[in-house]
Amino acid sequence: MKWIGQQIYDQVSRFKNDVFFENPVSLTSSLTVDSSLTVSGSTFFTGNTSARPAVEIKNTGANALGGSLSFKLDKGVVGADEDIPGVIYWQSDNDAQQQITFGRLYTQVADATDGQEAGNMVFQVAEFDGTLTAGLTLNGDTNANGEIDVSIGSGAGSTTTIVSGVVMMSNLPTSDPSNPGQLWNNGGTLKISQ
């Protein structure tokens, strides 16, 4: 059943040109889009059933590469260090029923220099007082090709636990580098500089 203007039609409606909706559109069933869907505002997925709403990107062809999700920042002007192309937030209620951001993931332009582009990826979680703090940072701005630095943890009292498996390290210094937190090889024993 379609409502068009002041009339109700009990049949399928097809439009050959662009269609614009001035007010929100509610769907009680599925929406199939055979081509591209462009949204210039905000899109909300809302549900009150457990584990819903769910969003799935599915490729059903005999392909070696599936779908993708892209965050793009196209400013129309030159890019700059510390630009953030996109952010993912995880938010929920605390026990005072206040919406709190418990986790955030984003990628940042670390170096926008043409030919020397480098990025940072930052994983943050709320710690103790709700402050978002980076627990894992991947830093590509190392001034060396093929090299990425990784920072794990935050604060002098933080710990990093490896439950099982083998840690493989190469090119570790064989004497204490006197650089707090840096690993070094003491005759086959892995140590952390203090």
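The values are calculated or read from the model by the stated rules, or taken from the named source; none is laboratory data. Keep in mind that what you see is a predicted model, and the values were worked out from it rather than measured. We place every Cβ from the backbone using ideal geometry, glycine too, and count neighbours over all the protein chains shown. These area figures cover heavy atoms from the full protein model, side chains too; ligands, DNA and RNA do not enter into them. Shrake-Rupley method; radii C 1.70, N 1.55, O 1.52, S 1.80 Å.
Being assigned to a strand (DSSP E or B), of a type in the set (A, V, I, L, M, F, W, C) and within 21 Å of TRP90 (Cβ to Cβ) is the filter here; which residues of segment 104-138 pass it?
LEU105, MET121, VAL122, PHE123, VAL125, ALA126, LEU132, ALA134, LEU136, LEU138
Which one of these is open to solvent by 60 Å² or more (accessible area, probe 1.4 Å) and part of a loop (DSSP other than H, G, I, E, B): THR142, THR159? Working first, answer last.
Details: THR142 fails: open to solvent by 60 Å² or more (accessible area, probe 1.4 Å).
Matching residue, one of THR142, THR159: THR159.
Please verify whether PRO173 is open to solvent by less than 70 Å² (accessible area, probe 1.4 Å), out of contact with any Ser or Thr (no Cβ under 7 Å at 6 or more places or on another chain), more than 30 Å from GLU82 (Cα to Cα) and not small (Gly, Ala, Ser), treating the condition exactly as stated.
Numbers: open to solvent by less than 70 Å² (accessible area, probe 1.4 Å): yes; out of contact with any Ser or Thr (no Cβ under 7 Å at 6 or more places or on another chain): yes; more than 30 Å from GLU82 (Cα to Cα): yes; not small (Gly, Ala, Ser): yes.
Answer is yes for this residue.
Report, by residue number, each residue of segment 19-73 that is more than 28 Å from PRO85 (Cα to Cα) and among the charged types (D, E, K, R).
GLU22
Residue-wise test of (1) touching a residue at least 40 places away in the same chain (Cβ under 8 Å); (2) closer than 25 Å to PHE123 by Cβ; (3) surrounded by 10 or more Cβ atoms within 10 Å (Cβ to Cβ).
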position	(1), (2), (3)
THR38	no, no, no
LYS58	no, no, no
LEU69	no, yes, no
THR107	no, yes, yes
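Read through the list (1) at pLDDT 95 or above; (2) at negative phi, then give the number of the only condition that THR142 fails.
(1)
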